[in-house]
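These notes concern the structure reproduced below.
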Amino acid sequence: MQLFNDRQIRTAWDDKEEKWYFSIVDVVAVLTDSANPQTYWRVLKKRLVDEGDETVTKCNAFKMRAADGKMRLTDVADQVQLFRLIQSIPSPKAEPFKVWMAQVASERVDEIQDPEKAIDRGIEYYRRKGYSETWPHIAAEWVVSCELCHFFYGGKIYRRKFSTRF
């Protein structure tokens with residue numbers, strides 16, 4: 001369960017996919033203040049299907065605890081789907097998210113064109129978290145060395161990523 005503006009958004013972690021899923025109806029309720037977010041989502045979903053938007057056809061349904069305490073199937077979206085759906089919601093409350101998403105997308109495109117910007121952003125991120133000045137450089141070197149790790153098993157050579165937090 002996540003809170004947004006003191007409103008609950010039901011979430012579920014999928015161990016197999018290793019990602020979070022968010023209740024679409026809960027997100028719609030927060031962003032629209034609709035009296036009936038289920039109906040709002042149903043209408044939006046139909047409109048998106050009619051427009052040929054594949055986002056809704058890829059949505060999963062998970063059993064989540066409903067307001068009445070029972071476990072019910074609920075449409076859920078992963079982060080990418082959720083961002084796409086937020087873009088489709090015409091609401092003043094959705095605008096800050098849309099502006100933020102556009103800004104982040106613009107920054108990532110800039111980083112693709114100039115990878116040094118991505119490195120600088122990562123270093124600044126760690127500085128703001130209170131890490132030492134040398135820590136980002138040490139971490140980057142460690143990641144590069146682990147990227148190159150290989151291991152031998154059953155007559156085959158495998159490349160393996162090691163991911164560990166410092």
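The values are calculated or read from the model by the stated rules, or taken from the named source; none is laboratory data. This is a predicted model, so every value here is computed, not measured. Note: ideal-geometry Cβ built from the backbone for every residue, glycine included; neighbour counts use all protein chains shown. For accessibility, only protein heavy atoms count, side chains too; no ligands or nucleic acids. Shrake-Rupley method; radii C 1.70, N 1.55, O 1.52, S 1.80 Å.
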Open item on the list: Is it the case, given these coordinates, that TYR153 is farther than 30 Å from SER34 by Cα, aromatic (Phe, Trp, Tyr) and either at pLDDT 75 or above or surrounded by 10 or more Cβ atoms within 10 Å (Cβ to Cβ) (or both)?
Closed with: no
Task: Options ARG108, ARG84: the member that is among the basic types (Lys, Arg) and under 18 Å from VAL27 (Cβ atoms) - done: ARG84
Open item on the list: Which numbered condition in (1) open to solvent by 20 Å² or more (accessible area, probe 1.4 Å); (2) assigned to a strand (DSSP E or B); (3) closer than 24 Å to PRO96 by Cα; (4) in contact with a Phe, Trp or Tyr (Cβ under 8 Å, 6 or more places away or on another chain) is the only one that PHE22 fails?
Closed with: (4)
TODO: Filter region 59-108 down to residues that are touching a residue at least 12 places away in the same chain (Cβ under 8 Å), farther than 22 Å from ASP15 by Cα and open to solvent by less than 80 Å² (accessible area, probe 1.4 Å), then give me how many there are.
DONE: 10
TODO: State all residues of region 7-55 that are out of contact with any helix residue (DSSP H, G or I) (no Cβ under 8 Å at 6 or more places or on another chain) and of a type in the set (Gly, Ala, Ser); if no residue qualifies, say none.
DONE: ALA12, SER23, ALA35, GLY52
TODO: Identify the single condition in (1) touching a residue at least 60 places away in the same chain (Cβ under 8 Å); (2) among the β-branched types (Val, Ile, Thr); (3) not in a strand (DSSP E or B) that THR39 does not satisfy, given that it satisfies every other one.
DONE: (1)
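Residues checked against (1) surrounded by 12 or more Cβ atoms within 10 Å (Cβ to Cβ); (2) at pLDDT 85 or above; (3) over 24 Å from LYS19 (Cβ atoms):
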position: VAL56; (1), (2), (3): yes, no, no
position: ILE119; (1), (2), (3): yes, no, yes
position: GLU133; (1), (2), (3): no, no, yes
position: HIS137; (1), (2), (3): yes, no, yes
Task: Subset tally (residues that are under 14 Å from VAL27 (Cβ atoms) and modelled with pLDDT of 90 or more) for region 58-77 - done: 5
